[in-house]
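As structure tokens, the structure follows; a few thoughts come after it.
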Amino acid sequence: MERWKGRVALVTGASVGIGAAVARALVQHGMKVVGCARNVDKIEKLAAECQSAGYSGTLIPYKCDLSCEEDILSMFSAIKTLHQGVDVCINNAGLAHNEPLLSGKTDGWRNMIDVNVLALSICTREAYQSMKERNVDDGHIININSMGGHRMVPSADEHFYCATKYAVTALTEGLRQELREAKTHIRATCISPGIVETEFAFRHHNSDPEKAAAVYESIKCLKAQDIASAVTYVLGTPPHVQIGDVQMRPVEQVS
């Protein structure tokens, strides 16, 4: 991770859970991290904690609604003006709604596509363009995916969400191929966790907190820090090493 000191990383969905853990880890390793979310209060608190802890990097909170392309483009413009550009892009933001294929609401489907698929793709495109215009040839784009992007969960509440994560699997491999064709050494990696104990289930099952709690009580889950450790491992590999997909599950997880 030594070569990343002082360089700029964007972490989407950095206010809680995996995003917050990744942002903290990168700041700890000396990176300048732009952490974005719709609500930046928690990121501001995390930035103060990182500063108090004496970490060598810095965390810059940025308010951004990732379902709005104009917000994303404005964010990249601000990063260019204030910090030259992005060297690492961690596409972490994602969400799920209880909208089955046979009875789901279109608005819920659209929101999942906007955040899980389109925002990820827009951020990837803008990060690559930022690297290209500055002749950055060793950048890294990491998509935080899900085991739901590799197998279908047997629950109607999850089916559309899984479809968006299958898209992330395909997009990451497509990105790797396009980067290779462009003869660049910018790398693309997909990290696919199983059940991680965060606020995700409580947001997903917001009308049934007992159901959400049961998800995390059923087995010993992964922690957000486990995913952050995977991110720093991937970033810390030598520039000639490409890690395509990291699949992570709790030992007790069945599928």
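The values are calculated or read from the model by the stated rules, or taken from the named source; none is laboratory data. All values reported here derive from a predicted model rather than from experimental measurement. No Cβ is skipped: glycine too gets one built from the backbone with ideal geometry, and neighbour counts run over all protein chains shown. Note: accessible area is taken over every heavy atom of the protein model, side chains too, but ligands, DNA and RNA are not part of it. Shrake-Rupley method; radii C 1.70, N 1.55, O 1.52, S 1.80 Å.
Observations on the model:
- Any chance E70 is open to solvent by 20 Å² or more (accessible area, probe 1.4 Å), out of contact with any Gly (no Cβ under 9 Å at 6 or more places or on another chain) and under 25 Å from L235 (Cα atoms): no
- The residues on offer are I18, I79, and the sole one that is in contact with a Ser or Thr (Cβ under 8 Å, 6 or more places away or on another chain), modelled with pLDDT of 95 or more and within 24 Å of F202 (Cβ to Cβ) is I18.
- Filter result for A188 (at pLDDT below 95 and open to solvent by less than 10 Å² (accessible area, probe 1.4 Å)): no
- Residue within the stretch 139-149 that is modelled with pLDDT of 95 or more, over 24 Å from A228 (Cβ atoms) and not β-branched (V, I, T) present: no
- The stretch 6-29, subset among the β-branched types (V, I, T) and in contact with a Gly (Cβ under 8 Å, 6 or more places away or on another chain), residue farthest from Q225 (Cα to Cα): V8
- Some residue of the stretch 4-25 being in a helix (DSSP H, G or I), in contact (Cβ under 8 Å) with a residue 40 or more places away in the chain and surrounded by fewer than 18 Cβ atoms within 10 Å (Cβ to Cβ): no
- The residues on offer are L120, L179, L101, and the sole one that is farther than 25 Å from V16 by Cβ and open to solvent by less than 70 Å² (accessible area, probe 1.4 Å) is L179.
- Those helices (runs of 4 or more DSSP H) lying entirely in the stretch 138-250 with at least 2 residues touching a strand residue (DSSP E or B) at 6+ places or on another chain (Cβ under 8 Å): 159-181, 224-236
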